[in-house]
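Here's the structure we're looking at; comments come further down.
The values are calculated or read from the model by the stated rules, or taken from the named source; none is laboratory data. Note that the coordinates shown come from a computational prediction; the quantities given were computed from them, not determined experimentally. Here the Cβ is made from the backbone with ideal geometry for all residues, glycine too, and neighbour counts use every protein chain on show.
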Amino acid sequence: MTVSVKNTAIKKITGSGIESKPDLLAVEEPLEIRIGFGSLSDRQQKSLSVTMRTPGHDFELAVGFLFTEGIINHFNQVESIKYCEDGGKQEQKENSVRVELKPEVQIDFTKLQRHFYTTSSCGVCGKTSIDAVKVSCSVQPDLFKIQSSIIHTLPQHLRVAQNVFEYTGGLHASALFDAQGNLTLLREDVGRHNALDKIIGAILFRQDTLFSNCILVVSGRASFELVQKAAVAGIPVLAAVGAPSSLAVQLAKEVNMTLLGFVRDQRFNIYCGENRVTA
């Protein structure tokens, strides 16, 4: 059974003294994502990534990761997904997932190099570095519109729906809302990029076309990586409770995404794509 929280004992220090109390922690464990690929007569296996995540929705995370990294273009390219059986103990088996791709899927190994670059470098700086971490994104159409009054309500809806955060205070969240402000899907994780990959993976599993008719709300800041993943999925509006980075704004402008920051306390900033926000 998937466990997202763990019991611990703490010493709580207050102005009145020291108190021993139970507490809950958000679980953080590694997940290795592997792929199986090649013709039926020459199947190969490759480890792509090890990410620190909150257990739960692991298959969604794996598929979302492959999609936003440009390894697959749609869910129909996936043959099967399972936990690896060669991991030893049961808890270790559930920390390794293998996605078997259909034999006809061609792997672009330069995209695997992109992921290696982002995990091995200490930062992104300069044109060469930026080009190395970019994934191809399409320019977004202007069809989706959302009222500013609805945007003001979304952070509170997000907060109320964050079940694990309620107990631990230690998780990021990504959520999709429709133009009327209705919550469609939410995922939590210790990694903000994992929470978004889980959202995208869940929609791909459904083979839905929801992406182009929704607003993505994230609980923290809007990084380059989050904007890029949203852009790959075709999400037209990203709203962050925190601030965006300079590269996030730059990429959002390039793909015609609406990027909102500091969405809280009945205010928000529009960094680009203001045409989708109506009075």
**Prompt:** On the given criteria, is Glu274 buried (at least 24 other Cβ atoms within 10 Å of the Cβ) and farther than 19 Å from Cys137 by Cβ?
**Reply:** no
**Asked** How many of the residues in region 246-262 are buried (at least 21 other Cβ atoms within 10 Å of the Cβ), part of a strand (DSSP E or B) and not hydroxyl-bearing (Ser, Thr, Tyr)?
**Response** 3
**Asked** Out of curiosity, is Gln207 loosely packed, with under 15 Cβ neighbours inside 10 Å, more than 11 Å from the chain's Cα centre (by Cα) and modelled with pLDDT of 95 or more?
**Response** no
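Looking at region 1-20 only, could you name the residues that are of a type in the set (D, E, K, R) and under 23 Å from the mean Cα position of the chain (by Cα)? If you could, list the steps in order and put the result at the bottom.
Keep residues of region 1-20 that are of a type in the set (D, E, K, R), which gives 6, 11-12, 19.
Selection gives Lys6 alone.
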**Subset of region 229-245 [surrounded by fewer than 24 Cβ atoms within 10 Å (Cβ to Cβ) and not aliphatic (A, V, I, L, M)]** = Gly234, Gly242, Ser245
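Which residue, of Ile235, Ile199, is in contact with a helix residue (DSSP H, G or I) (Cβ under 6 Å, 6 or more places away or on another chain) and closer than 30 Å to Ser80 by Cα?
On the way: Ile199 fails: in contact with a helix residue (DSSP H, G or I) (Cβ under 6 Å, 6 or more places away or on another chain).
Exactly one residue qualifies, and that residue is Ile235.
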**Message:** Being aliphatic (A, V, I, L, M), assigned by TED's automatic domain parsing to the domain that holds Gly70, at pLDDT below 65 and surrounded by 14 or more Cβ atoms within 10 Å (Cβ to Cβ) is true for just one of Val164, Val124, Val105. Which residue is that?
**Reply:** Val124
**Item:** Qualifying residue in region 25-41 (condition: out of contact with any strand residue (DSSP E or B) (no Cβ under 8 Å at 6 or more places or on another chain) and of a type in the set (S, T, N, Q))
**Value:** yes
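Might you check whether a residue that is among the aromatic types (Phe, Trp, Tyr) and under 21 Å from His152 (Cα atoms) occurs anywhere in region 176-186? Don't jump to the end; show me each part of the working.
Kept after step one, since they are among the aromatic types (Phe, Trp, Tyr), are these residues of region 176-186: 177.
In the following step, the residues that additionally are under 21 Å from His152 (Cα atoms) were identified as 177.
Yes, some residue in region 176-186 is among the aromatic types (Phe, Trp, Tyr) and under 21 Å from His152 (Cα atoms).
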**Asked** Of all residues in region 52-101 being basic (Lys, Arg) and either surrounded by 18 or more Cβ atoms within 10 Å (Cβ to Cβ) or assigned to a helix (DSSP H, G or I) (or both), which is modelled with the lowest pLDDT?
**Response** Lys93
